Amino acid sequence: MAVTAAAQVPRINPRVRRTKDHVLQTARRLLPELGPIAMTFTALSGASGVTRQTLYRHWPSREALLAELVLTGPDVAYPEPGTDPRRIATEFLHSLSAGMSDAPTASALMSLAAHAPRDPASAAALAAISAGRCDALNALLRPSGRHVGQAEFACLCGPVIYQRLIARADITDGMIYDIVSRWLDRNASAVSPS
């Protein structure tokens, strides 16, 4: 059974989980319609039937909601943990690319990135997304004995993020193969005796 990003969410009360899932689904539907600026808690409350008070109880800010939207969806193929770092990194990057091809996810990421230089909540949300994805990759790599820090994670995922969100171009299997090969080569030369 494939592990999805949503399956990594800690266990919480089923009623609370249903409410959060409903709100996140509504946000996914509203983002392409309204755009990230107009998707306020007032608009989300009206569309979801959930009070603003409940929204603020679950997410202290719109940015926190956008971060959770990115971290929990969409449901794309997600790799299983294993001992082959090439397979794990390749599948992880394909999953990352597929997730960013989802319009609500891309919209949320671009909005957070645009506001992060001036808005501490957006900057914190991006940091949480980055840390969450890095932690997820490390959990997948654990059986292989590999671990990536934030800088290495940025080198591995940065080209995919650039290609998908900035260049607005497709991610090819060859591109991912090259990225993973460079990562493995750098990693091998870092541990090889000189």
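Values as computed for the structure displayed
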item	result
Segment 146-168: number of residues that are of a type in the set (Lys, Arg) and closer than 15 Å to residue 95 by Cβ	1
Residues satisfying the stated conditions in segment 150-168, i.e. aliphatic (A, V, I, L, M) and either surrounded by 13 or more Cβ atoms within 10 Å (Cβ to Cβ) or modelled with pLDDT of 90 or more (or both)	151, 154, 156, 160, 161, 165, 167
Unique match (being under 30 Å from residue 173 (Cβ atoms) and either at pLDDT below 90 or among the acidic types (Asp, Glu) (or both)) among 113, 103	103
Within segment 73-84, considering residues that are open to solvent by less than 20 Å² (accessible area, probe 1.4 Å) and not aromatic (Phe, Trp, Tyr), the one nearest to residue 173 (Cα to Cα)	79
Residue tally, condition in contact with an Asp or Glu (Cβ under 9 Å, 6 or more places away or on another chain) and farther than 15 Å from residue 136 by Cα, over segment 62-86	2
Top-ranked residue of segment 34-67 - restricted to ones that are surrounded by 20 or more Cβ atoms within 10 Å (Cβ to Cβ) and under 18 Å from the mean Cα position of the chain (by Cα), ranked as farthest from residue 104 (Cα to Cα)	59
Close pairs from segment 113-128: first touching a residue at least 40 places away in the same chain (Cβ under 8 Å) and at negative phi, partner outside any helix (DSSP H, G or I) and among the aliphatic types (A, V, I, L, M), Cβ under 6 Å, at least 6 apart	122/116; 126/116
Filter pass, residue 142 being assigned to a helix (DSSP H, G or I) and open to solvent by 50 Å² or more (accessible area, probe 1.4 Å)	yes
Segment 1-33 - residue that is at pLDDT 90 or above and basic (Lys, Arg) and, of those, least open to solvent (accessible area, probe 1.4 Å)	20
Test: residue 175 is modelled with pLDDT under 90 and surrounded by 13 or more Cβ atoms within 10 Å (Cβ to Cβ)	no
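For every residue, the table says whether it meets (1) of a type in the set (Gly, Ala, Ser); (2) modelled with pLDDT of 90 or more; (3) more than 27 Å from residue 158 (Cα to Cα).
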{"position": "53", "(1), (2), (3)": "no, yes, yes"}
{"position": "71", "(1), (2), (3)": "no, no, no"}
{"position": "83", "(1), (2), (3)": "no, yes, no"}
{"position": "87", "(1), (2), (3)": "no, yes, no"}
{"position": "90", "(1), (2), (3)": "no, yes, no"}
{"position": "93", "(1), (2), (3)": "no, yes, no"}
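Table: residues versus (1) open to solvent by 10 Å² or more (accessible area, probe 1.4 Å); (2) farther than 12 Å from residue 165 by Cβ; (3) in contact with an Asp or Glu (Cβ under 6 Å, 6 or more places away or on another chain).
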residue: 92; (1), (2), (3): no, yes, no
residue: 98; (1), (2), (3): yes, yes, no
residue: 102; (1), (2), (3): yes, no, no
residue: 109; (1), (2), (3): yes, no, no
residue: 116; (1), (2), (3): yes, yes, no
residue: 123; (1), (2), (3): yes, yes, no
residue: 127; (1), (2), (3): yes, yes, no
residue: 133; (1), (2), (3): yes, yes, no
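The values are calculated or read from the model by the stated rules, or taken from the named source; none is laboratory data. What you see is a predicted model; the values in this text were computed from it and never measured. Counting neighbours? That spans all protein chains shown, and the Cβs are built from the backbone with ideal geometry, glycine included. These area figures cover heavy atoms from the full protein model, side chains too; ligands, DNA and RNA do not enter into them. Shrake-Rupley method; radii C 1.70, N 1.55, O 1.52, S 1.80 Å.
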